[in-house]
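Step one of this worksheet: look at the structure below.
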Amino acid sequence: MSSKQVTGTGRRLAGATAILMASFVASRLAGLGRDMAISYEFGTSPELASYLAAFRLPDLLFQLVAGAALASAFIPTFARFQAAGQDDEAWRLTSSLLNLIGVGTLFLSLIAMVAAPWVVPFVVNGFDPPYQELTVRLTRIMLASPVFFGISAILGSALNARQHFLLPGLAPIVYNLSITGGALLLSKQIGIDGLAWGVTAGSLAHLLVQIPGLRRQGMVYRPVFSLTSPGVREVGRLMGPRVLGLASVQINFLVTTILASRLASYSIPALNYAWLLTLLPLGIFGVAISSAVFPTMAEKAAQDSAESLGPTLYTTLRMILFLTIPSSVGLIVLGQPLIALLFQRGLFNEESALATYWALAFFSVGLFGHGAVEILTRAFYAARDTRTPVAIGVGAMGLNIVLSLALMGPLGHGGLALSVSLAVIVEALLLVRAMREKLPQRAATGLGSSLVHTATASTFMGLAVLAARLLIPSPTTTWGLAAYLVATVAAGAAIFFIAAYLLGSQEARLLRRGLRFNR
């Protein structure tokens, strides 16, 4: 590969990462606004628990038919057609999958609507009968969303494969804004049902916002159902093991919901708020970076370029760990004032805040593990190996279930959060081990030392921020608390970066060079 090609690839990755990180920040901010509106209107009430539990069946349908499995199988196949100069065949594949996924999810959603009164009560068997019935009704309202999300997943994957990230990044923003509207407007008239209708309308908006991008990319829709075409068969082959992996994830969610429904009524909402806060740094530093790098890794794998795939993977992994480990520490130390600032108003009281922090502290332990799994699984999918991460993911699912049953007794809903964290850390370690056997050993050089530098600098930062919290009490006013958190986070980030730089962290030096270049 020439120096010009390397420079061009680097600039393209930097641009894609910048767009995706900006869109993830905007999406998370929109999500925060959504959650603040929901917490104000519903707190950690049983009605909200029913709404959150109602997501399980629609999510299961979407993830098994057209979720991340589809993107991880579709993008490498689309990239292979592009690399061979077969753009027409790539767009034909897109049309076929649009039709197959649309019809398939519609059929399954209709079946689920009929079966909901028998299936949903099993998931929320710890709820009182009126809330079981409410969960069934909310589930039925939201069962249109898998159809819209399934089609939208194809559109977004095609745009990402063409290195277009803006519209797929805007889609979740309009989705979150729709739910916010349901919380602030519709819920005044129809209660918790307003949130469910906001979800359905938002999923349709998620789809519509991406259509103009496909037109600009030159896609021509065809009413084809080519089950026997090589591209569709290849996507199906790659999706098969990944669907099993996603099934294990959904089983984890189902088990967590079933177990949490037997605990205090605030458990499911508290777990949800805590998980959403954990997703803030994970989305920005883990998912955004991994999503930006994935098409490039798929291209390198399509060109059988293992020599360049390895450095790309491990450089990205080290940077994700460099950003997520201090984020884990920050959430643990600053979680209580953060929850108070974002949610503690309206029906979200002090009891709700304490329950949410109890889960957040345990979810935060595994933040870096989630970030590592994001990039490592994508590397396997780019290399068209879906079996290895799926096998490891299924094992992690089993571990999570065992740990959940063991820890929920002494720790309540916090035990459910901790089990997720411990299982994903084990999953990340096993994926690293499997990847080291797949790529040249020298590609992973420096991973261990980078981890030590990052962990040490994060410890310094955590102790400094904790000391500041003990010496300087949190303000009680909203603006005072906001200023306190901004100043504390900025100081903590500076301490971490300086400590990492002095320890010799290559990631800190790389970021410093980038900042100097930008100036």
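Derivation of every value follows stated rules applied to the coordinates shown; laboratory data play no part. If you're wondering where the values come from, they're calculated on a predicted model, not measured in any experiment. Please note: Cβ atoms are built from the backbone with ideal geometry, for glycine as well, and neighbour counts cover all protein chains shown.
Side notes on the structure shown:
- Considering only Ala423, Gly492, Val255, and ranking their Cα positions along the charge dipole of the chain that arises from unit charges at the beta-carbon of Lys, Arg, Asp and Glu, the one farthest toward the positive end is Gly492.
- Placing +1 on each Lys and Arg Cβ and -1 on each Asp and Glu Cβ, with no other charges, gives the chain a dipole about its Cα centre of roughly 1440 debye.
- Cβ-derived FRET efficiency at R0 41 Å, Ala115 paired with Trp479, nearest 0.05: 0.25
- Projecting the Cα atoms of Leu407, Thr200, Pro129 onto the charge dipole of the chain, computed from C-beta unit charges around the Cα centre, puts Thr200 farthest toward the positive end.
- Extended-chain gain in nm, criterion 0.36 nm per residue less alpha-carbon gap, Leu347 and Arg222: 40.0 nm
- Using the Cβ-Cβ distance between Phe107 and Gln189 with R0 set to 30 Å, the FRET efficiency from 1/(1 + (r/R0)^6) comes to roughly 0.40.
- Under the membrane-span-like helix rule (DSSP H runs whose alpha carbons stretch at least 24 Å along the helix axis, mean Kyte-Doolittle hydropathy -0.5 or higher), the chain yields 3-42, 87-123, 230-260, 306-343, 387-411, 413-438, 447-471, 478-502.
- Taking every DSSP helix (H) stretch of at least 4 residues in the chain, weighting each as -39,500 (n - 2.57) and dividing the sum by the residue count yields a mean residue ellipticity at 222 nm of -28500 deg cm²/dmol.
- Site pair Val452 and Arg233 shows an inter-label distance of 5.1 nm when each label is modelled 7 Å from Cα along Cα→Cβ.
- If only the Cβ of Lys and Arg carry +1 and only the Cβ of Asp and Glu carry -1, the dipole of the range 174-256 around its Cα centre is close to 320 debye.
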